[in-house]
1. Can you tell me which residue is nearest to Ala599 (Cα to Cα) among those in region 648-676 that are small (Gly, Ala, Ser) and in a loop (DSSP other than H, G, I, E, B)?
2. Here are some residues: His199, His215. Which one is open to solvent by 10 Å² or more (accessible area, probe 1.4 Å) and either under 30 Å from Leu108 (Cα atoms) or of a type outside the set (Ser, Thr, Tyr) (or both)?
3. Could you list all residues from region 519-538 that are open to solvent by 10 Å² or more (accessible area, probe 1.4 Å) and either part of a helix (DSSP H, G or I) or farther than 19 Å from Asn655 by Cα (or both)?
4. Can you pull out the residues in region 658-672 that are of a type in the set (Asp, Glu) and open to solvent by 70 Å² or more (accessible area, probe 1.4 Å)?
5. Contact list please: Cβ distance under 6 Å, first residue in region 463-477 and in a loop (DSSP other than H, G, I, E, B), second residue of a type in the set (Lys, Arg) and within 16 Å of ligand 2 (Cβ to nearest atom), pairs at least six apart or on different chains.
6. Sort out which residues of region 134-171 are farther than 25 Å from Thr262 by Cβ and more than 16 Å from ligand 1 (Cβ to nearest atom), and write them in order of number.
7. Only one of (1) surrounded by 18 or more Cβ atoms within 10 Å (Cβ to Cβ); (2) in a strand (DSSP E or B) is not met by Ser247, so which one is it?
8. Considering only residues that are hydroxyl-bearing (Ser, Thr, Tyr) and either away from ligand 2 (no atom under 16 Å from the Cβ) or part of a strand (DSSP E or B) (or both), look in region 387-435 and name the one that is farthest from the chain's Cα centre (by Cα).
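The values are calculated or read from the model by the stated rules, or taken from the named source; none is laboratory data. A quick note: this is a predicted structure, and the numbers were derived from the prediction, not measured. Virtual Cβ from ideal backbone geometry, glycine too; neighbours counted across all protein chains shown. Ligands, DNA and RNA are stripped out before the accessible areas are found, and what is left, the full protein with its side chains, is counted by its heavy atoms. Shrake-Rupley method; radii C 1.70, N 1.55, O 1.52, S 1.80 Å.
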Amino acid sequence: MRLILICAILVLAAACSKPASQQVQLSSPDGLLQAEVYLTADGQPGYRLLRGEVVLIDSSSLGLDFGGKAATWDWQSAETDSIRESWEMPWGEQRVVENHANSLSLRLRTGQDLQMTLHFRLSNDGLAFRYELPAQGNDSVLYLREELSAFNLPADATAWWLPGDWDINEHLYTRSAVSKINALSKRNHPNLAQTYIPHNAVLTPFTQRRADGIHLAFHEASLVDYPEMTLGVDTNNLRLNSILVGSDNTPYKAELRLPFKTPWRVVMVSQNAAGLLASRLIDNLNEPAKLADVSWFKPTKYVGMWWQMHLGINSWDMASGKHGATTAKVKELIDFAAENGIGAILVEGWNTGWEHWIGFEDREGVFDFVTPYADYDLEGIVAYGRAKGVELIMHHETSSAVTTYDQQLDTAYRLMDRLGIRAVKTGYVGKIIPKGEYHHGQYMVRHHHRVIEKAAQYRVAVNAHEPIKGAGIRRTWPNVISREGLRGQEFNAWSSDGGNPPDHLPTVAFTRLLDGPIDYTPGIFNLSLKPHKPNNQVNTTLAHQLALYVVIYSPIQMVPDLPEHYRGHPAFQFIRDVAVDWEQSRVLAGEVGEYAVVARQERGGDRWFLGAITGYEARQLDLPLDFLASGKKYRVVVYEDAPDAHWQNKPAAYNIRTLELQKGDRLQLSLAPGGGAAVSLVPVN
Ligand code: NOJ
Ligand code: CA
């Protein structure tokens with residue numbers, strides 16, 4: 001079977017085992033995409049990606065630079081195969097994921113006997129390739145100077161991009177033509193505790209819309225033991241090329257312990273923006289679960305001692321005299337969570353050391369992750385919460401003192417296990433110690449992996465802030481539940497540049513969200529932030545905040561505002577009702593940076609929830625409800641912008657309307673500028 005496929009696919013193959021030609025073609029299962037993989041006359045591998053006659057990626061070279069002169073490769077063999085599997089997400093946007101792709105492995109060798117296999121996979125939603133280096137004679141380690149993967153664009157396209165920062169993702173998106181990308185213009189940033197942008201490069205996921213409407217997103221999958229990839233942008237030649245995040249402490253960018261496989265380089269392809277968000281390509285390219293049983297983690301909403309700090313009402317440290325994490329205040333929050341069926345609470349500022357965390361050079365040894373402040377009864381809080389059905393989410397701000405955290409891992413995670421704490425939020429604010437390392441380099445990718453494995457050993461789920469990319473690792477390690485990795489809600493509380501603009505989340509939905517779950521912390525009701533932050537505000541309407549619980553997926557969703565802003569508020573009912581784990585999801589409509597509409601069916605239930613968000617523009621939507629089960633009537637509650645709502649000056653104006661609808665009916669929604677709508681659909685019988 002495999003042999004027949006090889007014969008059919010090799011373009012000019014004279015014999016199956018030894019191709020006479022140095023080009024192979026691969027098709028997607030639906031036949032719409034084609035990849036051509038070739039070796040040039042001077043022994044350089046390359047590829048092209050087409051959709052019918054349309055060139056999506058023009059001839060582009062591939063390679064790895066180990067120093068010295070460029071390798072000249074000989075073609076050894078090419079094998080094709082196909083993958084067809086379905087697998088279950090233990091928690092996620094959907095229960096069952098289909099993985100269907102055609103694959104190609106091209107074995108190459110140099111005159112010096114260096115061997116390499118290029119792996120390609122082509123599925124209906126895009127192309128992926130990676131490099132595999134088998135053990136090479138006596139060499140057990142290779143030092144990689146740079147990865148030489150290129151992506152040549154045949155024409156200019158509209159792009160939504162973040163600068164290729166080696167330290168942080170917490171920038172705003174810029175929309176521009178690829179030919180106009182200027183990442184270096186983003187270097188000065190008053191709001192960031194760390195940032196380093198050495199090249200005209202962008203972060204991934206990097207989303208583009210071509211003139212013909214086809215959307216491409218460039219990203220990576222299975223990021224293990226290797227630096228993150230940024231994409232250098234040659235604006236004259238419309239060429240993207242891999243630039244790995246490096247270190248000031250080594251002349252190379254990655255140490256490869258053989259045998260080694262790089263992460264996958266991915267070009268997601270879709271006819272429209274919605275298709276990008278619906279794709280599970282990044283997850284599919286990761287290894288099946290190594291942690292088979294994660295049943296001890298339950299998707300949940302959570303309250304927190306958190307927004308209070310960002311608003312300046314309370315502080316993380318005790319010395320300020322307004323410490324937030326006190327036993328009394330945290331018990332009040334637990335009561336509020338219990339009253340509203342919210343299953344967890346995050347408490348920041350619980351452990352000693354916060355007097356010395358930001359802006360200090362000498363941060364090693366400051367936090368130990370086991371010693372609570374004197375006014376915080378950790379064990380008492382755990383017991384109090386558990387009696388009320390509210391589990392504690394632990395908090396570990398490492399302040400990027402990575403060695404300290406590594407040394408503390410066993411002690412810290414053992415404490416959690418002993419107390420039955422099954423989730424932790426980690427954080428990496430500030431420049432990495434040791435100096436010269438960057439948040440997105442191999443050093444930190446290895447660190448985050450140690451944390452994941454340690455956490456799994458102690459049955460703890462991890463939500464990392466200032467993280468590395470997810471790149472689909474949750475498939476292999478489903479205790480990796482969520483992450484930040486973007487400009488989160490917190491910027492609205494204190495940034496000096498006006499906060500996140502109304503089109504931020506309609507952009508995030510088709511860019512950062514392609515990397516996996518986001519701990520955005522939606523649901524702010526007091527959008528003006530008065531009286532605490534008179535010069536800041538949240539730049540969306542209230543209905544937009546509600547819709548984020550559906551649109552911006554995470555298996556843990558925060559309910560961050562102060563209880564006084566939720567208590568007695570009719571729209572709070574949506575937050576109480578909305579599910580956090582899904583049977584299936586439908587991306588109903590959207591355009592990058594403009595709007596996004598998503599419907600999701602709760603896991604193990606028959607309720608549906610729908611979220612719609614828009615950017616600066618008001619929008620009328622007329623949505624067919626063809627996803628509902630037939631033969632049932634649904635009670636539909638719509639939380640929507642009032643007719644005069646506006647993100648800038650009337651953000652909290654909303655209405656609630658109730659209807660009875662069924663499959664085949666249509667739902668009309670009217671979104672204000674910066675607005676949204678959140679809808680629950682519950683079967684009546
Ligand atoms: C940055 C995180 O993103 C934020 O959520 C947290 O409150 C602070 N660090 C303190 O750890
Ligand atoms: Ca952050």
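1. Within region 648-676, the first condition is being small (Gly, Ala, Ser), and the residues that meet it are 652-653, 664, 670, 672, 674-676.
When the remaining residues are screened for being in a loop (DSSP other than H, G, I, E, B), the result is 652-653, 664, 672, 674-675.
Values: Ala652: 23, Ala653: 23, Gly664: 15, Ala672: 20, Gly674: 19, Gly675: 17 Å.
Per the criteria, the residue is Gly664.
2. On the way: His215 fails: open to solvent by 10 Å² or more (accessible area, probe 1.4 Å).
Among His199, His215, only His199 is open to solvent by 10 Å² or more (accessible area, probe 1.4 Å) and either under 30 Å from Leu108 (Cα atoms) or of a type outside the set (Ser, Thr, Tyr) (or both).
3. Lys530, Pro531, His532, Lys533, Pro534, Asn535, Asn536, Gln537 - these are the residues of region 519-538 that are open to solvent by 10 Å² or more (accessible area, probe 1.4 Å) and either part of a helix (DSSP H, G or I) or farther than 19 Å from Asn655 by Cα (or both).
4. Once the filter is applied, which keeps residues that are of a type in the set (Asp, Glu) and open to solvent by 70 Å² or more (accessible area, probe 1.4 Å), region 658-672 yields only Glu660.
5. So the pair list comes out as Pro467/Arg483; Gly470/Arg483.
6. Filtering region 134-171 for residues farther than 25 Å from Thr262 by Cβ gives 154-158, 160, 170-171.
Hits for region 134-171 are Pro154, Ala155, Asp156, Ala157, Thr158, Trp160.
7. Every condition holds for Ser247 apart from (2).
8. Within region 387-435, the match that is farthest from the chain's Cα centre (by Cα) is Thr411.
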